[in-house]
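Down below is the structure, laid out as C-alpha cells.
What follows is calculated from the coordinates using simple rules that are stated; it is not laboratory data. Every value quoted in this text rests on a predicted model; they were computed, and no experiment measured them. Cβ placement follows ideal geometry from the backbone for every residue including glycine, while neighbour counts extend to all protein chains displayed.
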Amino acid sequence: MLSRPALGFAEIAWRWSFGFAAILLLTFLILEYFRTLPVGAGDLFLLRTRHPLLISQALAHIFRRSAVRIVRALFLLFVLLSAAWIILASLARRSTVNALLTYFWEDGDGERDSSALAMAAKIPRHAPFGLNLLRVVASVAALFAFAGALLLAKVASPSAQPSPEAAMLVFLTLAMGISLAWWLLNWILSLAAIFVVADGSGKFSAISQATELWRARWGSITAAGAWFGIAHGVCFFVASSVVAFPLAFAGVMPPGIVLGGVLLVALLYFAAADFLYAGKMAAYVAIAKLPEEPILVPRISDSIPPQSSMDRSELILCDIPTLE
C-alpha cells in the first residue's frame, strides 16, 4: 500500500467516478420528474392556503397519475447503472489484479521472476463480468428478501392482535440472516475475481477455486481480513469523532459551512475505506498466487561434522591399553 499508493488511488478514482455519476443522474431524474408534474390552478390555490389537509389533497392530486412514471424511470436508471457498474468494476478489477501480479512477480530473484513474467504473459486476461453480474443479482435478491421479511413481520403482528415486539424480533432475525448470507456471497464472488483475471478461469470455476483457497488458507485470509477490518473500524471511529466538531458549531456558523465540514469528513472516510479495500485485495492476491515459503527443519545429520574432518590417526579412549 505504501510502495504502490497508485493502486489505492485508482480504486478511489473508479469508485468515486461511478458514485458521482450515479448521484448526478439521480438528481437529474428527480428534477426532470418534478418539472413534468401537472400543477393546475386549483392545486396552486390549495397549496397557498398552507392548511395541512388542503396541501395533502393537492399533493395527492398532483402525484396521482405520475407514480407509474417515476417507478419506470427509477427501474430504467437502476438497470443502466447496474450495467455500467458491471462493466466499470470488471475492467477496474482486471487492471488492479494485473498490476498486483506484476508487482509481486517483479520482487525476488531475477531468473525466477523472468520465468514467472514470461509464463504470466501467456495467460489470457479476462474481466470478471459474470461474477459482477452475479453480485448484482445477489443484491437484488437480498432486497426482495428484505421485502419478504417485512411481510412476515407484518403477519407476526396482525391488526386484530398487534404485537410490535414479535414483529420487530422476526424482522431483525431475518434481516441479520439475509445480511450475513449476502455479505458471505459477495465476499466469495469478489475473491473469485482474482482467479478469473489471473488464470482465465470461468465464473463457476473461479468460485470453486475461491472456496478451495478459503479451505486451504483460511488462517491467512482471516488474519488479513481481520487486520484490515480493525483499520477500517479505527477510521470509522476517528471520522465519527471528528464529524462532531462541525456539528458543534451548527448554531453559530452558517448551515452551508457546517454541511461542507460534514461532507469533507465523510469524503475523507470513504477515501480511506476504499484505500484500505485496495490493500486488502492486494493481500488476497498475495495469498492466492504467491507460493508459500517452505519451513526448513534442521536435520540431526546436519549437526554431525563430515567424516573428512575427523583425524583417524588420533587415539581414542578404547585404543589406550589398560593397566593390569
Tell me, what ³J(HN,Hα) does each residue in the range 92-103 have, in order and in whole Hz, if you take phi through Karplus 6.51 cos²θ - 1.76 cosθ + 1.60 with θ = phi - 60° and put x for Gly and Pro?
5, 5, 4, 5, 5, 5, 4, 5, 5, 5, 4, 5
Pseudo-spin-label distance LEU184 to PHE129, built 7 Å along Cα→Cβ, given in nm, is 3.1
Out of every Cα-Cα pair in the range 146-276, what percent are more than 17 Å apart?
75
Packing rank of 251-264, 90-103, 208-221, where each peptide gets the mean count of other beta carbons within 10 Å, highest leading:
90-103, 208-221, 251-264
When ranked by the protection proxy of mean other Cβ atoms within 10 Å per residue, highest first, what sequence do the peptides 232-241, 4-13 form?
4-13, 232-241
Simple spin-label model, 7 Å along Cα-to-Cβ: LEU151 to THR36 in nm?
2.9
Express the Stokes-Einstein translational diffusion coefficient of the range 217-289 in µm² s⁻¹, to the nearest whole number, given a Kirkwood radius over alpha-carbon pairs, 20 °C and a viscosity of 1.002 mPa s.
153
